[in-house]
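K.L.:
Below you will find the structure I want to go over with you.
The values are calculated or read from the model by the stated rules, or taken from the named source; none is laboratory data. All values reported here derive from a predicted model rather than from experimental measurement. Here the Cβ positions follow ideal geometry from the backbone for every residue, glycine too, while neighbour counts run over all protein chains shown. Protein only, heavy atoms only, side chains kept; ligands, DNA and RNA dropped before computing areas. Shrake-Rupley method; radii C 1.70, N 1.55, O 1.52, S 1.80 Å.
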Amino acid sequence: MKMLCYLLLAGCAMAADIHYRQSGFGPNPEGWKAWKDRAETAPGTYVETVISRGEPGSLAISGTGNIGVYGGWQRAIAGIRAGAWYRFTAHYRATGVTSENWQILPRLDWRTADGRRAGSYEQIDYASRSVRVGAWTKVILDTEAPAGAATVLLQLFLAHAPSGIVWWDDVGFEEIPAPGPRKVTIASINQRPEKTGSPAESVKQFVESADRLVQNGADLILLPEGITVIGTGKSYSGVSEPVPGPTTERLAELARKKNAYVAAGLYERDGGGVYNTAVLLDRKGSLIGRYRKVHLPRAEMEQLAPGNEYPVFRTDFGTVGLMICYDVFFAEPARALALQGAEIVLLPIWGGDETLATARAIENHVFLVASGYDHPTYIMDPAGKRIVEAPSRGTAAIATVDLNKRYLDLWDWKGRRPREYRPDVRVDFLPYETSQ
């Protein structure tokens, strides 16, 4: 067993510089204890000698056939400094687990010196960010110790998975520097060309407005939905074009001139299908992604084909997702983007429910940027507050936001919701008889 541990156990004096890492576990893993809420929900806990990431031994938890099972392994680390930042990492493998996101729970349980849960709201932080590393999944959490925290419990749990077994290995916890600001300047354009007669003229007016309204130094520019059809009097199919195509080339010129990412909605033709598509171009004008609108209202469904995925895109300032108009009426698009790491969701929109748009920002803790015609144009923070609006045609909502700012509303919902969301519970849309 290889173990690097520069700390003492809870309750002992300890240096401020915490650095704990352990790969491989022996028969009686030092410092680790099995935890359960009560005897009837206790999981099976044991050290597995065969499955590990390198050094022999891993911490195993079994569901023991019990739907009520909840618990696993935990270790106390003292010397925590409230307000300091820490990184928690762990690796797991599992079998027989239906939904890993909520049944496998790596978390930090912060405690005060007298053993109570720390923070204004008895804070527990889930490690909700994860990546696959071969046969294992690595979970990562960078977080700030809450007020009053003196000790933290590293908790590796299995929840309500009667047929499940999870193996934990290569666990780390260390103090890290507090992250500095990660500022992004965003501009959302309020414009609606009229009686242009052609897609090229409508796009020209959008680009000219953005050029005039957005000063150099912006990182991201958003235009509305369907910039190739608005004002033309033409049908969706009548203005459809390939992507890349003439409109993306015109948007690329804007991106290069402003040295900014540019997103906008247009109508894409691909073979026999026409799609309501949003495109994202980078600072050099290269097309880095497209999103085809998944949820089509009745009038569009008669003419357009739907998309079938929710992609996210990595930029030089963070991760961006795209939704289009009617998508805002449904919880799934924004949730899917947030679960994949989106920090900013761009919403080119014709018109839509403002309350639901606010809900999408709040429930997923993302910045929501809307550029609309009958829907307002604004930049909204993860708490659902509109930072800035563009109230009239020919104006822009421009704001600089900090993607590293934490928005804590009772709890850290950004980390909590992914670990408490139940994607395995499905709704049956088939009709059924309620009477004979």
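K.L.:
Charges only on Cβ, +1 for Lys and Arg, -1 for Asp and Glu: so what's the dipole of the range 228-355 about the Cα centre, in debye to the nearest 20?
P.N.:
420 debye
K.L.:
Moving to a separate point now. Which net charge results when you count Lys and Arg as +1 and Asp and Glu as -1 among the other residues whose beta-carbon is under 14 Å from that of Thr112?
P.N.:
+1
K.L.:
May I pose another question? With θ set to phi - 60°, apply the Karplus curve 6.51 cos²θ - 1.76 cosθ + 1.60 along the range 325-335 and write out the HN-Hα couplings as whole Hz, x wherever there is a Gly or Pro.
P.N.:
For the range 325-335, the Karplus-derived couplings read 6, 4, 4, 5, 6, 10, 6, 5, x, 5, 5 Hz, x marking Gly and Pro.
K.L.:
Say the dipole of the chain comes from +1 at the beta carbon of Lys and Arg and -1 at that of Asp and Glu; which of Asn216, Leu105, His160 then lies farthest toward its positive end?
P.N.:
Asn216
K.L.:
According to the Cα gyration tensor, what semi-axes, each the square root of 5 times an eigenvalue, does the equivalent ellipsoid of the range 217-273 have, listed from largest to smallest in whole Å?
P.N.:
Output for the range 217-273: semi-axes of 23, 12, 8 Å.
K.L.:
Another one. Within the P(r) computed for the range 181-292, what percentage of the Cα pairs occupies the region above 17 Å?
P.N.:
That fraction is 50 percent.
K.L.:
So, one more: Considering amide H positions built from the backbone, and no H for Pro or chain starts, which residues 5 or more places from Ala113, or on another chain, come under 5 Å of its amide H?
P.N.:
For Ala113, the qualifying residues are Ala150.
K.L.:
Oh, and also: To the nearest 20 Debye, how big is the dipole of the chain about its Cα centre, given +1 on the beta carbon of each Lys and Arg and -1 on that of each Asp and Glu?
P.N.:
640 debye
K.L.:
Going by amide H atoms built from the backbone, whose H comes under 5 Å of the H on Thr377, apart from near neighbours?
P.N.:
Gly372, Ala390
K.L.:
Probe of 1.4 angstrom, ligands and nucleic acids ignored: what's the accessible area per residue over the chain, in square angstrom?
P.N.:
Each residue of the chain exposes 45 Å² on average to a 1.4 Å probe.
K.L.:
Tell me which lysines have Cα within less than 22 Å of Lys138's Cα, excluding those fewer than 8 residues away on the same chain?
P.N.:
Candidates past the 8-residue exclusion: Lys2, Lys33, Lys414.
K.L.:
To continue, here is another question. With point charges of +1 on the Cβ of Lys and Arg and -1 on the Cβ of Asp and Glu, referenced to the Cα centre of the chain, which listed residue (Gly68, Val131, Thr315) lies farthest in the positive direction of the dipole?
P.N.:
Thr315
K.L.:
Using the Karplus curve 6.51 cos²θ - 1.76 cosθ + 1.60 with θ = phi - 60°, what ³J(HN,Hα) values do you get for each residue of the range 230-235, in whole Hz, with x for Gly and Pro?
P.N.:
Couplings: 4, x, 8, x, 9, 7 Hz.
K.L.:
Compute and list, largest first, the equivalent-ellipsoid semi-axes of the chain from the alpha carbon gyration tensor, each √(5λ) rounded to a whole angstrom.
P.N.:
Working: eigenvalues 440, 126, 70 Å².
Ellipsoid semi-axes (Å, largest first): 47, 25, 19.
K.L.:
Then there is this: Could you give each residue of the range 297-310 its phi-based ³J(HN,Hα) in whole Hz, using Karplus coefficients 6.51, -1.76, 1.60 with θ = phi - 60°, and x for Gly or Pro?
P.N.:
Per residue, the Karplus-derived 3J(HN,Hα) values read x, 3, 5, 7, 4, 6, 10, 10, 9, x, x, 9, 7, 10 Hz.
K.L.:
For q values of 0.10, 0.12 Å⁻¹, compute log₁₀ I(q)/I(0) with the Debye formula on a Cα-only model of the range 59-188, without solvent.
P.N.:
Debye curve over Cα of the range 59-188, log10 I(q)/I(0) at q = 0.10, 0.12 Å⁻¹: -0.37, -0.51.
K.L.:
Among Thr89, Ala305, Pro177, whose Cα projects farthest towards the positive end of the dipole of the chain, with charges put on the beta-carbon of Lys, Arg (+1) and Asp, Glu (-1)?
P.N.:
Pro177
K.L.:
Taking H as built 1.01 Å from N, whose amide H comes closer than 5 Å to the amide H of Asp270, not counting residues under 5 places away?
P.N.:
Tyr275
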